[in-house]
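What follows is calculated from the coordinates using simple rules that are stated; it is not laboratory data. Everything numeric here is computed off the predicted structure, so don't read it as measured data. Note that each Cβ is placed from the backbone with ideal geometry, even for glycine, and that neighbours are counted across all protein chains shown.
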Amino acid sequence: MNGNISLNHIGIIMDGNGRWALKQGKNRVYGHTEGVKNLKNILEISIELGIKYLTVYAFSTENWKRPKSEVDALMFLFKEYLLNEVNNLNKNGIKIVFSGRKNGLNDSLIKLMDDIEEKLKYNDKITLNIAFNYGGRAEIVDAVNKIIKETDKKIIDEEDIQNHLYQSNIPDPELIIRTSGEFRISNFLLWQIAYSEFYITDKYWPEFNKEEFMKAISSYNKRERKFGGLKI
Ligand code: FPP
């Protein structure tokens, strides 16, 4: 049990790796390396708490605008994470899915992502949804294009879009956490967050530890969720 009200799916914008590193005189890539370590930690805690889905924003469609050296480092860290962790993830019953566009990614990375999704697909302790080369607007556009391609519909409804999202079987996140104090959504899960609760903390992602995670969950547990209705 993870609290008083249902909490199955948490989305996290893991922001602040760069600032965290610079604050201690290190380079930005060091911050991302520590960010990966923290993801492992938060994933473990999520399992302990009985969370069923964790969606993390690892690389956005806008992140290509960063210097090539940083983009390369993020690609490298992502690949290393997948290669080094796959057996551990499997042993711990973790399923991995990826959300985002494959075009722009290197062929060997795409192959690795496909193989890992396949290898871990029967695991059911938790699903880690890694948003990589992901944009919320792009996801909606891709969904609409899939509908156009697959059906002869002239008018579509919400269910059509829902059914063509990257992960149409994952329920909407009840809680979105953003680290490092920015009050914006940055193109993350635009469709799915219609009724999500938000928790924003000043902590940078590498310092968002168990204690901070529990603060986010306890804040969520105090919310009154009305979904546009009235409190009964
Ligand atoms: C934001 O920090 C973070 C990112 C753009 C990438 C997040 C990536 C990781 C935690 C590592 C890679 C992920 C996996 C799954 C291996 P920032 O660089 O925008 O920080 P800043 O706002 O302080 O500059």
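Results, tabulated for the structure shown:
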| item | result |
| --- | --- |
| Every pair of residues 6+ apart whose Cβ atoms lie under 9 Å, when the first sits in the range 83-99 and is among the acidic types (Asp, Glu) while the second is assigned to a helix (DSSP H, G or I) | Glu85/Lys40 |
| Members of the range 23-46 that are over 15 Å from the mean Cα position of the chain (by Cα), more than 10 Å from the ligand (Cβ to nearest atom) and buried (at least 18 other Cβ atoms within 10 Å of the Cβ) | Tyr30 |
| Which numbered condition Lys125 fails, given (1) over 16 Å from Phe188 (Cα atoms); (2) within 16 Å of the ligand (Cβ to nearest atom); (3) touching a residue at least 40 places away in the same chain (Cβ under 8 Å); (4) of a type in the set (D, E, K, R) | (2) |
| Filtered residue count, the range 6-37, keeping only those that are in a loop (DSSP other than H, G, I, E, B) and touching a Pro at 6+ places or on another chain (Cβ under 8 Å) | 2 |
| Options Ile176, Ile185, Ile170: the member that is among the aliphatic types (A, V, I, L, M) and not in a loop (DSSP other than H, G, I, E, B) | Ile176 |
| Evaluation of Lys95 against (1) surrounded by 15 or more Cβ atoms within 10 Å (Cβ to Cβ); (2) under 19 Å from Gly35 (Cβ atoms); (3) not acidic (Asp, Glu) (one fails), failing number | (2) |
| Subset of the range 55-74 that is under 16 Å from the mean Cα position of the chain (by Cα) and not in a strand (DSSP E or B) - its residue that is farthest from the ligand (Cβ to nearest atom) | Thr61 |
